[in-house]
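Written below as structure tokens is the structure these notes are about.
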Amino acid sequence: MRVMVNKIKRGLTLLTGAAFLITALVYPHAGQAASTIAVDAGGGGSTLMSSNPVTITSNPLSLVKQARNLGGTVLPNGSSIASGQQIYFVLYIDNNTITSAENIQLTDLLDESQWTYVPNSLETAVVSSGSNDAAIWAGTWAVQTDAVGGPDDFASITDSGGPAGLDRLTIGAVSGQVNQNLDIPSNQLRVIRFRVTVN
């Protein structure tokens, strides 16, 4: 089997047979929202004019999905992998901004004709924004449960129907498969990894 892996920033990243979807993202922080409402504080019946235009600029977060071998090496596009071999899928979101990104919600659907999820392999790490592939892999990894809504984590994987097996990964408070809320502080990169077996 050949794995087509695209490292795309500022957009959706697709692997052969896998859909990756950002279902929600709140940015910037609600406390930094701008308002253009004018108020007559004196109550004297003054005519209020529209406030000046407000320009809000934002930097998109970087979203990447990679395939890596069990040693952590990124598999290049077109890599050949054997049936029965295990690899990691690595998802990361890089918040290189000066404000927190809140309520991030992601869904990743595995194509069960190509991949079988390895139970209890969900892990996460946080590293500095802009970290390279080696620094990301060297992060301190914390185990996430596969279960939905676990009070201890923000990711889960369930069976979406069809062939039996876990194939619907969600991260954050995704409708229908709600986990803990996921926020990424400024200048940090959040990584989620899990193992699959090639069918």
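Of all the residues that make up the stretch 128-142, how many are more than 18 Å from Ile98 (Cβ to Cβ) and either in contact (Cβ under 8 Å) with a residue 12 or more places away in the chain or hydrophobic (A, V, I, L, M, F, W, C) (or both)?
Our first condition is that a residue be more than 18 Å from Ile98 (Cβ to Cβ); within the stretch 128-142, this holds for 132-142.
Next, from what is left, pick out any that are either in contact (Cβ under 8 Å) with a residue 12 or more places away in the chain or hydrophobic (A, V, I, L, M, F, W, C) (or both): 133-142.
The number of residues fulfilling the criteria is 10.
Against the definition (closer than 22 Å to Ala101 by Cβ, buried (at least 19 other Cβ atoms within 10 Å of the Cβ), at pLDDT 90 or above and hydrophobic (A, V, I, L, M, F, W, C)), how does Phe154 come out, yes or no?
Numbers: closer than 22 Å to Ala101 by Cβ: yes; buried (at least 19 other Cβ atoms within 10 Å of the Cβ): yes; at pLDDT 90 or above: no; hydrophobic (A, V, I, L, M, F, W, C): yes.
So Phe154 fails the test.
Can you name every residue in the stretch 74-101 that is assigned to a strand (DSSP E or B) and either surrounded by 18 or more Cβ atoms within 10 Å (Cβ to Cβ) or hydrophobic (A, V, I, L, M, F, W, C) (or both)?
Keep residues of the stretch 74-101 that are assigned to a strand (DSSP E or B), which gives 74, 79-80, 86-95, 101.
If the condition is that a residue be assigned to a strand (DSSP E or B) and either surrounded by 18 or more Cβ atoms within 10 Å (Cβ to Cβ) or hydrophobic (A, V, I, L, M, F, W, C) (or both), then Val74, Ile87, Tyr88, Phe89, Val90, Leu91, Tyr92, Ile93, Asp94, Asn95, Ala101 are the ones that fit.
May I ask you to list the residues in the stretch 171-199 that are polar (S, T, N, Q) and modelled with pLDDT under 90? Walk me through how you get there before you give the answer.
Pass one, the stretch 171-199, residues polar (S, T, N, Q): 175, 177, 179-181, 186-188, 197, 199.
Correct list: Ser175, Gln177, Asn179, Gln180, Asn181.
If you take the residues in the stretch 53-74 that are at pLDDT below 90 and over 22 Å from Pro185 (Cβ atoms), which one is nearest to the chain's Cα centre (by Cα)?
Residue satisfying both the conditions and the ranking: Thr55.
Among the listed residues Leu182, Leu169, identify the single one that is touching a residue at least 40 places away in the same chain (Cβ under 8 Å), surrounded by 15 or more Cβ atoms within 10 Å (Cβ to Cβ) and more than 23 Å from Ile87 (Cα to Cα). Don't jump to the end; show me each part of the working.
Values: Leu169 fails: more than 23 Å from Ile87 (Cα to Cα).
Every option except Leu182 fails the conditions.
Assigned to a loop (DSSP other than H, G, I, E, B), under 18 Å from Ala67 (Cα atoms) and of a type in the set (S, T, N, Q) - does that describe any residue in the stretch 107-115? Outline the logic, then answer.
Initially, the stretch 107-115 is screened for residues assigned to a loop (DSSP other than H, G, I, E, B), giving 110-114.
Those still in the list that are under 18 Å from Ala67 (Cα atoms) too: 110-114.
Okay, now just the ones that are also of a type in the set (S, T, N, Q), so 113-114.
Yes, the stretch 107-115 contains at least one residue that is assigned to a loop (DSSP other than H, G, I, E, B), under 18 Å from Ala67 (Cα atoms) and of a type in the set (S, T, N, Q).
Taking the stretch 75-101 as the region of interest, how many residues are at pLDDT below 90, of a type in the set (Ser, Thr, Tyr) and within 24 Å of Val174 (Cα to Cα)?
Result for the stretch 75-101: 3.
Please state which one of Ile104, Ile136 is under 16 Å from Ala173 (Cβ atoms) and either crowded, with 18+ Cβ neighbours inside 10 Å or within 16 Å of the chain's Cα centre (by Cα) (or both).
Details: Ile136 fails: under 16 Å from Ala173 (Cβ atoms).
Only one candidate passes the filter, namely Ile104.
State the number of residues belonging to the stretch 164-187 that are of a type in the set (Ser, Thr, Tyr) and not in a loop (DSSP other than H, G, I, E, B).
Taking the stretch 164-187 first, the residues of a type in the set (Ser, Thr, Tyr) are 170, 175, 186.
Within this subset, residues satisfying the condition of being not in a loop (DSSP other than H, G, I, E, B) are 170.
So the count comes out to 1.
Report the residue count in the stretch 117-131 for those that are farther than 12 Å from Phe89 by Cβ and either assigned to a loop (DSSP other than H, G, I, E, B) or β-branched (Val, Ile, Thr) (or both). Before you say what the answer is, go through the steps one by one.
Taking the stretch 117-131 and keeping what is farther than 12 Å from Phe89 by Cβ, we get 119-120, 124-131.
The next check asks that each one be either assigned to a loop (DSSP other than H, G, I, E, B) or β-branched (Val, Ile, Thr) (or both); those that pass are 119-120, 124, 126-127, 129-131.
Of the residues in that region, 8 qualify.
The values are calculated or read from the model by the stated rules, or taken from the named source; none is laboratory data. Since we're looking at a predicted model, the values are computed, not measured. Glycine also receives a Cβ, built like all others from the backbone with ideal geometry; neighbour counts cover every protein chain displayed.
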